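Okay, structure first, notes after.
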Amino acid sequence: GEDVEQSLFLSVREGDSSVINCTYTDSSSTYLYWYKQEPGAGLQLLTYIFSNMDMKQDQRLTVLLNKKDKHLSLRIADTQTGDSAIYFCAEANTDKLIFGTGTRLQVFP
Amino acid sequence: EPEVTQTPSHQVTQMGQEVILRCVPISNHLYFYWYRQILGQKVEFLVSFYNNEISEKSEIFDDQFSVERPDGSNFTLKIRSTKLEDSAMYFCASRGDSNNEQFFGPGTRLTVL
């Protein structure tokens, strides 16, 4: 069945770049998403990429998609303490989202 | 900026009781969803809803669950007879017709005792 995997933790220094990785199994995924969840809050859509693209940039965020390897990454440039949160990768080929386990990003000064 | 809202933020109930979780999707959206997240686990899809009927549902969404759009603004999830394992955060989401962005509400934490 469909599965999405992420590493559980990432710790970076403020001002550095963060790279959060995700792998998925469904080769028919049409869209891939990144959501952010801050403590006690809902899921905030950060960005998404259509499966026929290999890169999308949106301000400090860069999404890279390697469809052959079914690998998705989110790069956050100039990481700030306010970026500390859990980041979820999700894929969709029908209307439902299949989420990864989430990566907890901790930014330290 | 329009947002999805959910009430209550926290619901505590006894096992076997019925609960109704409420959501107000973004006003011009047509597609509605429920997801849940058991503590420490992945966010899981429950059901999608469009044009007053269920489009897709997961194995979790059994006969104990139902959804309804009782009026033009609310979208509800009912659990008929709650079980301990229904304890989770329940997220509502909605999306418009012109894109694939699902916007999530803040969630309702359901605790079944």
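The values are calculated or read from the model by the stated rules, or taken from the named source; none is laboratory data. Just so it is clear, the structure is predicted and the values come from calculations on it, not from any experiment. Cβ coordinates were reconstructed from backbone atoms using ideal geometry, including for glycine residues, and neighbour counts include every protein chain displayed.
Being surrounded by fewer than 17 Cβ atoms within 10 Å (Cβ to Cβ) and more than 13 Å from chain B (Cβ to nearest Cβ): is that true of residue A:81 here? Yes. With respect to residue A:104, determine if the residue is within 14 Å of another protein chain (Cβ to nearest Cβ), closer than 19 Å to residue A:5 by Cα and either touching a Pro at 6+ places or on another chain (Cβ under 8 Å) or modelled with pLDDT of 95 or more (or both). Here the answer is yes, as residue A:104 does meet what is asked.
Only residues that are in contact (Cβ under 8 Å) with a residue 60 or more places away in the chain, away from chain A (no Cβ under 14 Å) and assigned to a strand (DSSP E or B): list them for the stretch B:1-21, please. Passing the criteria: B:11, B:12, B:13, B:19. Scanning the stretch A:71-103 for residues that are aliphatic (A, V, I, L, M) and over 12 Å from the mean Cα position of the chain (by Cα) returns A:77, A:92, A:97, A:98. Only one entry of A:65, A:45, A:72 meets the criterion of being modelled with pLDDT of 90 or more and either within 10 Å of chain B (Cβ to nearest Cβ) or outside any strand (DSSP E or B) (or both), and that entry is A:45.
Taken over the stretch B:48-59, the residue count meeting the criterion of being surrounded by 17 or more Cβ atoms within 10 Å (Cβ to Cβ) and out of contact with any Ser or Thr (no Cβ under 7 Å at 6 or more places or on another chain) is 1. A residue that is touching a Pro at 6+ places or on another chain (Cβ under 7 Å), assigned to a loop (DSSP other than H, G, I, E, B) and not aliphatic (A, V, I, L, M) occurs somewhere in the stretch A:6-21. Can we say residue B:62 is within 23 Å of residue A:94 (Cα to Cα) and either out of contact with any strand residue (DSSP E or B) (no Cβ under 9 Å at 6 or more places or on another chain) or of a type in the set (A, V, I, L, M) (or both)? Judged against the criteria, residue B:62 is a match. Please tell me if residue A:96 is surrounded by 14 or more Cβ atoms within 10 Å (Cβ to Cβ) and either more than 14 Å from chain B (Cβ to nearest Cβ) or in contact with a Phe, Trp or Tyr (Cβ under 9 Å, 6 or more places away or on another chain) (or both). When the stated conditions are applied, residue A:96 passes them.
Just the residues that are at pLDDT 95 or above and over 25 Å from residue B:17 (Cβ atoms), please, taken from the stretch B:57-103. If the condition is that a residue be at pLDDT 95 or above and over 25 Å from residue B:17 (Cβ atoms), then B:93, B:94 are the ones that fit.
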